[in-house]
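> Take this structure first; my questions come after.
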Amino acid sequence: MKVHTFTGFFLISGLLLSPGHTASAADEAFIESVVIFNTICAKCHEAQCSGRLSFDDALAASTGHILRHYGEASGKKWLQKELFEILNYMKERCSYYPMNTPVPLTRVWGSDVLAKLSTLLEKNYFIPIGNFTPGSYRIELELEKDTRITAHLITEEFDMIVEDCYESSNRRINIPFVVESSGIHYFRIYPRKPVRITRLSITTLNDQ
C-alpha cells in the first residue's frame, strides 16, 4: 500500500472510528482523501445519501464523475479509488466517512492538527468538532492573515446550523451558534484566498 504524508491536506469531528466500522490500515481511506471529499464533493452528496446515483462497485464508471468535479485527482489512481470508496460510504450509510481524529478535551485545535485537516492548495478545512449538547457556543478562529471565509457548521444528519460569510479583523473571526439537539458536529471552512488557520477554539456561552 502506498504511504502518504500529510502535507497540509484537509476533512471531521474528533471521533474515533465509529462503532461497527472496523477498517484496517490497509483499507481505511487516508485523512487527506476524506477531507478532499468533504470539502469538494460532499456539498452535493450530503443531499443524495439515499443511494441515488450510487456507483456501486463500478470504479471505472465513477472516475469520469470524480475528475469532472475534482481535476486534481487526474493521474492519481489511489486518490480516485479512495474518493470512490468515500462516496459509496456516504450514500450507503448516510454519514460521513469515519476518521481517527480525536477531539481535544479543551476544544482547542492548534496549527499542527489543523494542517492535517485542510486541502493543500485551497486551504479548505473540514474539522470534526465532536458532540454538543443543546446550548449557545462560539467558534473562535485565528488566521495567519486577514481574509473573508465561508463557514459551514453541520450536524451528523447533514443539517446546516451555520452557513454564512465572515470577514476577519486583526486575523480573528468569532462565530456564535446555537445547538438545539445533541449530536456530533462538523465545521467546514472555505477561505476566499488560501490562508492557514492557526488556531480554532470553541467556548460555551451559557457559562459566561
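Values quoted throughout were computed directly from the atomic coordinates according to the rules given, and no laboratory measurement underlies them. As the structure is a computational prediction, the values presented were derived from the model and not from experiment. We place every Cβ from the backbone using ideal geometry, glycine too, and count neighbours over all the protein chains shown.
> Collect the residues in the stretch 115-152 that are of a type in the set (A, V, I, L, M) and over 21 Å from ASP164 (Cα atoms), keeping them in residue-number order. Before the answer, list the steps.
Step one: of the stretch 115-152, the residues of a type in the set (A, V, I, L, M) are 115, 117, 120-121, 127, 129, 139, 141, 143, 149, 151.
ALA115, LEU120, LEU121, listed by residue number.
> Condition check: surrounded by 14 or more Cβ atoms within 10 Å (Cβ to Cβ) and within 30 Å of GLU82 (Cα to Cα). Does TYR137 satisfy that?
On the way: surrounded by 14 or more Cβ atoms within 10 Å (Cβ to Cβ): yes; within 30 Å of GLU82 (Cα to Cα): no.
No.
> Also, I was wondering about something else. Collect the residues in the stretch 157-170 that are surrounded by 14 or more Cβ atoms within 10 Å (Cβ to Cβ), under 14 Å from ILE189 (Cβ atoms) and not β-branched (Val, Ile, Thr), keeping them in residue-number order.
TYR166, SER168
> Taking the stretch 140-156 on its own, how many of its residues are over 17 Å from the mean Cα position of the chain (by Cα), surrounded by 14 or more Cβ atoms within 10 Å (Cβ to Cβ) and outside any strand (DSSP E or B)? Step through it out loud before you land on a result.
The first filter runs over the stretch 140-156 and keeps only residues over 17 Å from the mean Cα position of the chain (by Cα), leaving 140, 142-148.
Subsequent filtering for residues that are surrounded by 14 or more Cβ atoms within 10 Å (Cβ to Cβ) retains 140, 142-143, 146-148.
Filter again for outside any strand (DSSP E or B), leaving 146-147.
Residues in the stretch 140-156 being over 17 Å from the mean Cα position of the chain (by Cα), surrounded by 14 or more Cβ atoms within 10 Å (Cβ to Cβ) and outside any strand (DSSP E or B): 2 in total.
> With respect to ILE184, is the statement that it is farther than 24 Å from THR147 by Cα, among the aliphatic types (A, V, I, L, M) and part of a strand (DSSP E or B) true? Quick ask: steps written out before the conclusion?
Details: farther than 24 Å from THR147 by Cα: yes; among the aliphatic types (A, V, I, L, M): yes; part of a strand (DSSP E or B): yes.
Spelling it out, ILE184 is indeed farther than 24 Å from THR147 by Cα, among the aliphatic types (A, V, I, L, M) and part of a strand (DSSP E or B).
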